[in-house]
Amino acid sequence: MQTKPSAILLLLWSLQMSFFTLPAVAQKGAPVSDSPEITLHSSSNLVVVDVIALSAKIGLPDKTLKRDDFRIFDNGQPVSINTFDSGAKFTTRPLALWFVVQCNMRGYEAKGSGLFAGKISLLKRPLKDLEKQDTVAVAHWCDDGQSNLDVLPTSDIDETATTLEQVLVPMPDTNDHGRTGELALQKTLQLIIDATHSLVPEPLPVVIFLYGDYSGMDRSEANHFIDELLETSAVAYGLRDVRSPRIWLIGEQGAVANYIATQTGGQYLRVTPKTYAKGLEEILQQLHCRYELGFKPQALDGKRHKLRVELAAAAKSRHKGVRLRSRAAYVPVALR
């Protein structure tokens, strides 16, 4: 599915950490409105930044950092860190891992999610290492307009794996990879965030695309749409089979799901069937060892603020080779 700019705007709106004017769960095959109504509400004025600290020497997360080791800059100005949580001390929010796939259409397997069909069992081993409070879930969309939350957040890994395989059973190509499928994906992501938002305690929603990401859009529009996403603390990751084709575009932002991942502090990994488990294990290591830094913005102006997280001078000397990764910006909005 080559994603169009108008649909991507709707897609990114769907990831707001907010209450939406949609039902909690959509039934398979439910009609998709061409102009869905969305009501956006910010959940908190506290900006929470999830930070991954990776050691270049060993390629693993550094779990020994403390609050005073970090510095946060909002549009270049230092801000105070009001809250600090560490995955190493089990004080970060639990995870709600949403595996998101596109229906497996014959002839379209490599561009979508079809290459993962028959191989989902390879992902089960790293899922056995989830923390007790973490959950897994499944959602999918189809280019014929189907959109469904197949498994709500659960601790049942076997059910999750079985359902993913059922969703990826081959189906005829719709021969239409345009607006209908794009709206179905948008609706699926709306439902994911809405379902996660209703959980107590509220977990960190993590979207994991098992998807070739054959998509693109204008770069300036992509950056505008990312502003909507940056009002949230959701994180996106992805696993892309190396056999999936790349889309080469001039003057446009290609691989939009990949772009979403990097802008939210996540990552899109290139994998083979032999490394599916290793790729997911790497994602889970990062998430479980992450740091959560909270600060209060000085102005709730609704504009994009450049966000930079770095190590303090003393910490740099003690933790040589450690590199930090977090979302590149945020948009402060008042409670509405």
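Here is the list for the range 99-200: trypsin sites (Lys or Arg not before Pro) lying in DSSP coil, each with at most 10 other C-beta atoms within 10 angstrom of its C-beta, are Arg106, Lys128, Lys132. Near the amide H of Arg93, within less than 5 Å, lie no amide hydrogens of residues on another chain or at least 5 residues away, with H placed in the peptide plane.
The residues neighbouring Lys57, those whose beta-carbon lies less than 11 Å from its own, together hold a net charge of +1 under the Lys/Arg +1, Asp/Glu -1 convention.
Electrostatic bookkeeping for Thr154 treats Lys and Arg as +1 and Asp and Glu as -1; over the other residues with beta carbon under 15 Å from its beta carbon, the sum is -3.
As a proxy for reagent exposure, ranking Asp241, Asp68 by other Cβ atoms within 10 Å from fewest up yields Asp68, Asp241. Relative contact order of the range 55-119: 17 percent, from C-alpha pairs under 8 Å at least 6 residues apart in sequence.
Distance between the modelled labels on Leu300 and Ile58, one decimal in nanometres: 4.3 nm (7 Å Cα→Cβ projection).
The convex hull of the Cα atoms of the range 60-104, projected and averaged over all directions, covers 6.2 nm². Could you let me know the centre-to-centre spacing of the range 228-276 and the range 39-110, using Cα atoms, in angstrom? One Cα centre to the other: 16 Å. By the count of neighbouring beta-carbon atoms within 10 Å, fewest first, Ser215, Ser198 end up ordered Ser198, Ser215. Were the residues from Thr154 through Asp129 laid out at 0.36 nm apart, the gain over their Cα-Cα distance would be 7.5 nm. For Pro172, the shell of other residues with beta-carbons less than 12 Å away shows a net charge of -3, using +1 for Lys and Arg and -1 for Asp and Glu. For the range 76-184, relative contact order (Cα pairs under 8 Å, six or more residues apart, normalised by length) works out to 31 percent.
Shown for Met171, Met105: other C-beta atoms within 10 Å of each C-beta, ranked fewest to most, produce the order Met171, Met105. Going by a ≥ b ≥ c, the root eigenvalues of the Cα gyration tensor, does the range 119-213 fall in the rounded group (a/c under 1.5), the prolate group (a/b larger than b/c) or the oblate group? Note, shape of the range 119-213 comes out oblate.
Normalising the average separation of contacting C-alpha pairs (under 8 angstrom, six or more residues apart) by the number of residues puts the relative contact order of the range 139-248 at 27 percent.
DSSP assigns beta bridges within the range 101-178; of those with both partners inside it, close to 60 percent run antiparallel. Per residue, the convex hull around the alpha carbon atoms of the range 224-336 comes to 157 Å³.
None of the figures in this text is laboratory data; all of them are computed from the coordinates on show. Since we're looking at a predicted model, the values are computed, not measured. In this analysis, Cβ positions are derived from the backbone assuming ideal geometry, glycine residues included, and neighbour counts consider all displayed protein chains.
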